[in-house]
Amino acid sequence: MSRKSPPRKSECPDEPDFEMVTDYGKSDDEYFTDSNAEDSDGNKKPERIRMYCRYTKYDVVKEAAKNYNDFKLTKKWKTDWDIAWFDGPIGVKILKDMNYNQRINHYPGIYNLARKNMLGRHLKKMKSLLPTHYNFFPRTYMLPLEYKDFREDSLCAKTTPVYILKPENSCQG
């Protein structure tokens, strides 16, 4: 039985009513501790990489960062952090407020490369502009828009064609 996360009030991190929900409804606070304190001998611990992960609902990200990479996790945006992890798109305000040394796991325009349908569309466009340089991928059809071309090519094929269907939007096809 899979557990569903409760719905968020808002999906956009820039909006004031955005609410963080973790994987299994656990309290988020168990991951956020003062990790730059003192060790058991009373010596100050060395400075660690700080990771801003307020907008991730996946506990595995926080566990990996804290337990395996020894990062200090923070939910405070205005503090000096090194890495930020987001589950979805990043708001413009967040991008504008970033310092030159800060890194994020997504960047603007990633949708155009990471989504299979958008990547196919861009490859086809480049192939029409530079056919000799973009001949490394199979014929691609954007259905239902190009159904007529798809149907025509499949009927004219000399052998039984094999097709790979890639659904869009997190369908994992």
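Residue check: is TYR100 among the aromatic types (Phe, Trp, Tyr), surrounded by 11 or more Cβ atoms within 10 Å (Cβ to Cβ), without any contact (Cβ under 8 Å) to a residue 60 or more places away in the chain and part of a loop (DSSP other than H, G, I, E, B)?
Against the criterion (among the aromatic types (Phe, Trp, Tyr), surrounded by 11 or more Cβ atoms within 10 Å (Cβ to Cβ), without any contact (Cβ under 8 Å) to a residue 60 or more places away in the chain and part of a loop (DSSP other than H, G, I, E, B)), TYR100 does not qualify.
The set of residues in the range 131-151 that are exposed (fewer than 10 other Cβ atoms within 10 Å of the Cβ) and more than 30 Å from the chain's Cα centre (by Cα) comprises PRO131, THR132.
Is it the case, given these coordinates, that ALA84 is outside the structural domain of TYR141 (by TED's automatic domain parsing), free of Cβ contacts under 8 Å to residues at least 12 places away in the same chain and of a type in the set (A, V, I, L, M, F, W, C)? When the stated conditions are applied, ALA84 does not pass them. The set of residues in the range 73-92 that are modelled with pLDDT under 85 and over 18 Å from the mean Cα position of the chain (by Cα) comprises LYS75, LYS76, TRP77, LYS78, THR79, ASP80. Does GLU47 qualify as being of a type in the set (Asp, Glu), exposed (fewer than 11 other Cβ atoms within 10 Å of the Cβ) and not assigned by TED's automatic domain parsing to the domain that holds GLU146? So GLU47 passes the test. Please determine, by comparing only the residues of the range 63-97 that are polar (S, T, N, Q) and not in a loop (DSSP other than H, G, I, E, B), which one is surrounded by the fewest Cβ atoms within 10 Å (Cβ to Cβ). Within the range 63-97, the match that is surrounded by the fewest Cβ atoms within 10 Å (Cβ to Cβ) is ASN67.
The values are calculated or read from the model by the stated rules, or taken from the named source; none is laboratory data. These numbers come from a predicted model, not from an experiment. As a convention, Cβ positions derive from the backbone with ideal geometry for all residues, glycine included, and neighbour counts pool all protein chains shown.
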